[in-house]
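The values are calculated or read from the model by the stated rules, or taken from the named source; none is laboratory data. Note that this is a predicted model, so its numbers are computed, not measured. Because the Cβ atoms are built from the backbone with ideal geometry, glycine has one as well, and the counts that use them run over all protein chains shown.
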Amino acid sequence: MAIKIAQVSIENINDTEGLESVMTALKNITGVTEIELNTDSHTALVRYDDTDTSIHAFTAAISMVDYVTQPFPIDSPQNPHYED
């Protein structure tokens, strides 16, 4: 077991709901031991056990948070409420 520290970008996630979602997403990853968000530099410092997870899991989790916190454009075909 080796504890490592990764710095990942949380750029474009700057509202309270989005930041809470980042924390939740990262906390749910097995092996994460500590998270520090820095909204000034738009980064998250993640301490983790490298035998349980990797930086790829963090970036994937954060990219999903960024994706779901962004609303669909009203006329987007991917929007389930869009009527062609």
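Computed quantities for the displayed model
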quantity: Sole residue being under 10 Å from the mean Cα position of the chain (by Cα), of a type outside the set (G, A, S), modelled with pLDDT of 90 or more and surrounded by fewer than 17 Cβ atoms within 10 Å (Cβ to Cβ), chosen from E36, E20; calculated: E20
quantity: Hits in the range 39-51 - residues which are surrounded by 12 or more Cβ atoms within 10 Å (Cβ to Cβ) and under 20 Å from M1 (Cβ atoms); calculated: L45, V46, R47, Y48, D49, D50
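Results for (1) in contact with a Lys or Arg (Cβ under 7 Å, 6 or more places away or on another chain); (2) assigned to a helix (DSSP H, G or I); (3) without any contact (Cβ under 8 Å) to a residue 60 or more places away in the chain, shown as yes or no for each residue.
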residue	(1), (2), (3)
S21	no, yes, yes
T24	no, yes, yes
T33	yes, no, yes
D40	no, no, yes
R47	no, no, yes
H56	no, yes, yes
I62	no, yes, yes
